[in-house]
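Reading through the structure tokens given below for one structure.
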Amino acid sequence: MIERIYILENVDPVIFYGVNNTHMQLIKTLFPKLRVVARGNVMKVIGEEEESEIFLKKIRELEKYCEEYNSLTEEVILDIIKGNTPVVAKQENLIIHGMNGKPILARSENQQRLVEAFEENDLVFATGPAGTGKTFVAIALAVRALKNKQIRKIILSRPAVEAGEKLGFLPGEMKDKLDPYLQPLYDALQDMIPAAKLKEYMENNVIQIAPLAFMRGRTLNDAVIILDEAQNTTTHQIKMFLTRLGMNAKMVVTGDMTQIDLPPSATSGLIQAMHVLKGVPGIGRIEFTKKDIVRHKLVQRIVEAYEKFDKKKAQKAMDNG
């Protein structure tokens, strides 16, 4: 009789063990000759060496499946332990599997173009109206690269400029002031990574979410770096950010040219950067339109209504001028 230890490193034990440990109970019944104890992410198995080796091999296969699909079912457990390949429906334009195995897909032509541009370039600009999924897809691509061990960290950033608000008037310490502003980035990550794993990643700085000012002086290697809401960067800020790109790193810069919250006298760094870098090799550029909006159908109608309003306003100003 020998005792072996196995540590679940890449999955959330709650998903792996199942609700009320139902998955673990099933695994135990399939290995009746072994005594298995599981606590947290540590599994202890006691039994004959040959049987223990088979058990650990199957646990590795189950962990690999759970890591890729973010889910585990009794059917999959039975298939893998019996030596069968689980039946998985192939999804076109799949990026990764999110929480509970939900497939995260490129849901429009331009979202798919963003996926391809990310694979082909080290810097990609993705611009367009709210609701087109540009930031969500960028984060999904970053999470996929992390899961595939192509990079070692993800860095998500935003300029600390908010429509009509100043951070100084918000309550709390600096982190408390910034967390609500960075919440959309947290929301996207929570759709893709189990809570326990996401907490671990953030505590170990594998995933970092920080305002743009925190990027100064850093060189970012082995990472995917995403700058969201880049239309609100100044010309100096975006130049500083773009020059942080290190070895084995990729950047995605997203923004909506119609929602610039900078003072009227300031030039948007995103607009200037796209002009200055036009035609530079190794840079992808995807321009989303209102046809790409994948939120509630009302969002597209709201965007169109505001476009009409802005055109009428501009025309009236010209007529009065």
* With the other protein chains left in place, how much accessible area per residue, in square angstrom, belongs to the chain at a 1.4 angstrom probe? -> 56
* Hz values of 3J(HN,Hα) by residue in the range 62-71 - Karplus curve (6.51, -1.76, 1.60), Gly and Pro given as x -> 5, 5, 4, 4, 4, 5, 6, 9, 6, 7
* Structure fact -> Dividing the surface of the Cα convex hull of the range 229-291 by four yields a projected area in nm² of 5.0
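Tally up the carbon and sulfur contribution to the accessible surface of the range 1-157 as a whole percent, 1.4 Å probe, everything protein left in place.
Within the range 1-157, the accessible surface is 48 percent carbon and sulfur.
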* Structure fact -> the chain, Gaussian network, Cα under 10 Å: of Leu34, Leu270, Leu105, the residue fluctuating most is Leu34
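Using packing as a proxy for protection, rank 203-210, 82-89 so that the peptide with the highest average count of other Cβ atoms within 10 Å comes first. Each step should come with its number before you reach the end.
Working: 203-210: 15.2, 82-89: 9.5.
Top of the packing list down: 203-210, 82-89.
If I stretch the segment between Asn204 and Asp222 completely, what's the gain in nm (0.36 nm per residue apart, minus their alpha carbon distance), one decimal? Please list the in-between numbers first.
Working: separation 18, 0.36 × 18 = 6.48 nm, distance 1.53 nm.
Taking 0.36 nm per residue and subtracting the Cα distance, the gain is 4.9 nm.
Let me know the charge dipole size of the chain about its Cα centre in debye, to the nearest 20, where only the beta-carbon of Lys, Arg (+1) and Asp, Glu (-1) is charged. List each step's numbers first, then the result.
On the way: 44 positive and 41 negative charges, 137 e Å.
Computed charge dipole of the chain: roughly 660 debye.
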* Just for the chain, what percent of DSSP beta bridges are antiparallel, to the closest 5? -> 40
* Asked: What order do you get for 112-122, 303-313 when each peptide is scored by the mean count of other beta carbon atoms within 10 Å, highest first?
  -> 112-122, 303-313
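For Val276 and Leu26, compute 0.36 nm times the residue count separating them, minus their Cα-Cα distance, and round to one decimal in nm. Display every interim value, and only then the final one.
Values: separation 250, 0.36 × 250 = 90.00 nm, distance 6.00 nm.
Value of the extension gain: 84.0 nm.
Given a Förster distance of 51 angstrom, what is the FRET efficiency for Met1 paired with Glu74, based on the Cβ-Cβ distance and rounded to 0.05?
On the way: r = 29 Å, r/R0 = 0.56.
Approximately 0.95, to the nearest 0.05.
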* Taking every pair of alpha-carbon atoms in the range 34-114, give the share separated by more than 17 Å as a whole percent. => 59
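Once fully extended, how much extra length lies between Asp261 and Ile46, figured as 0.36 nm per residue of separation less the alpha-carbon to alpha-carbon distance? Show your work: numbers first, answer last.
Details: separation 215, 0.36 × 215 = 77.40 nm, distance 6.20 nm.
Stretched out fully, the Asp261 to Ile46 stretch lengthens by 71.2 nm.
Normalised by the residues of the chain, what does the relative contact order come to in percent, with Cα pairs under 8 Å and at least six apart?
Details: 498 pairs, mean separation 61.3, N = 321.
With pairs under 8 Å counted, the relative contact order is 19 percent.
Please give the FRET efficiency for Val37 paired with Lys312, using the beta carbon to beta carbon distance and R0 = 56 Å, rounded to the nearest 0.05. It would help to have the intermediate numbers written out before the result.
On the way: r = 70 Å, r/R0 = 1.26.
E between Val37 and Lys312, to the nearest 0.05, is 0.20.
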* **the chain: most fluctuating residue of Thr254, Thr267, Thr127 per GNM, C-alpha cutoff 10 Å** => Thr267
* Name the residues whose placed amide hydrogens come within less than 5 Å of the amide hydrogen of Arg285, ignoring near sequence neighbours (fewer than 5 apart) on the same chain. => Phe125
* Asked: What is the calculated FRET efficiency for Leu245 to Val299, with r their C-beta to C-beta distance and R₀ = 35 Å, to the nearest 0.05?
  -> 0.60
* Structure fact -> Rounded to whole angstrom, the alpha-carbon centroid of the range 246-276 lies from that of the range 115-140 at a distance of 14
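Among Val276, Val224, what's the order by accessible area (1.4 angstrom probe), most exposed first?
Details: Val276 95, Val224 0 Å².
Listed by decreasing accessible area, they come as Val276, Val224.
The values are calculated or read from the model by the stated rules, or taken from the named source; none is laboratory data. A quick note: this is a predicted structure, and the numbers were derived from the prediction, not measured. Cβ sites come from the backbone with ideal geometry, for glycine too, and all protein chains shown count toward neighbours. Just the protein is used for accessible areas: all its heavy atoms, side chains included, with ligands, DNA and RNA removed. Shrake-Rupley method; radii C 1.70, N 1.55, O 1.52, S 1.80 Å.
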